[in-house]
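Let me begin by presenting the structure, written as structure tokens, before commenting on it.
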Amino acid sequence: MIKKILVSQPKPSSDKSPYFDIERKHGVEIVFRPFIKVESLTPKEFRAQKIDILSHTAVIFTSRHAIDHFFQLCKEMRVAIPEDMKYFCITETVALYIQKYVQYRKRKVFFGSTGKIDDLVPQMVKHKNERYFIPQSDVHSDEIHNLLESKKLQFTQGVMYRTVSNDFTADEPFDYDMLIFFSPSGINALLKNFPNFEQGDIAIGTFGVNTAKAAKEAGLTVQLEAPTPQYASITSALADYVKRVNA
């Protein structure tokens, strides 16, 4: 019987989230509690990389996290970003988020349509004389590096933020019937918080192939995986699972 579910993500900002529909329809309690959090490097840590941001003429943003931590660190280091800096963003949603920090001008903000870096690179090639800076997490793939290098673009990568475990406090209850994870980092954080974790009757749900793989490698039994051909989202898969288990 599933009564209480931990979803390891921040609480949705909209009341129309499918999670709330699941609560109402199936009489379960859903708690939103991230296992991981993203934090900025300190100015001292960033300076140790010996990167001069102002020697670049364009910035590549792959997420809203990257935007937040780029502008936050620049502010802490008293680096004034010039008006003519160009911004290349992975999606339009990420591009629009820049308005939080700078005046949005189409002539200096570019974005892809598919959410893949391959789709953005042709636009960068049209601006091949720019010197690109890529703010990144401490954990990242070489995909962007390899693509930009293959196009002979000038670029620098710099770590500006990192993913850390969002630790549970000693008095924080852990009385869940099901845990939902969205990244291998979340699985790692679970085991960091609870080194002697025994799954027992707790159901595990995962979103993404790598998350499921990390859970299984950690010795966990995964009862729910998404996406699947039948269920594209974690919420549709979860609604079906709870319905079946609680029937």
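Miscellaneous remarks
- Among the conditions (1) out of contact with any Leu (no Cβ under 6 Å at 6 or more places or on another chain); (2) part of a strand (DSSP E or B), residue 93 misses just one, which is (2).
- Residue count, segment 99-127 (criterion: without any contact (Cβ under 8 Å) to a residue 40 or more places away in the chain, surrounded by 11 or more Cβ atoms within 10 Å (Cβ to Cβ), more than 18 Å from residue 63 (Cα to Cα) and not hydrophobic (A, V, I, L, M, F, W, C)): 1
- The number of residues in segment 120-157 being part of a loop (DSSP other than H, G, I, E, B) and of a type outside the set (S, T, N, Q) comes to 10.
All of the numbers you see were taken from the coordinates with simple rules; none came from a lab. These figures come from a predicted structure and were not determined experimentally. Here Cβ is always computed from backbone atoms with ideal geometry, including for glycine, and neighbour counts include all displayed protein chains.
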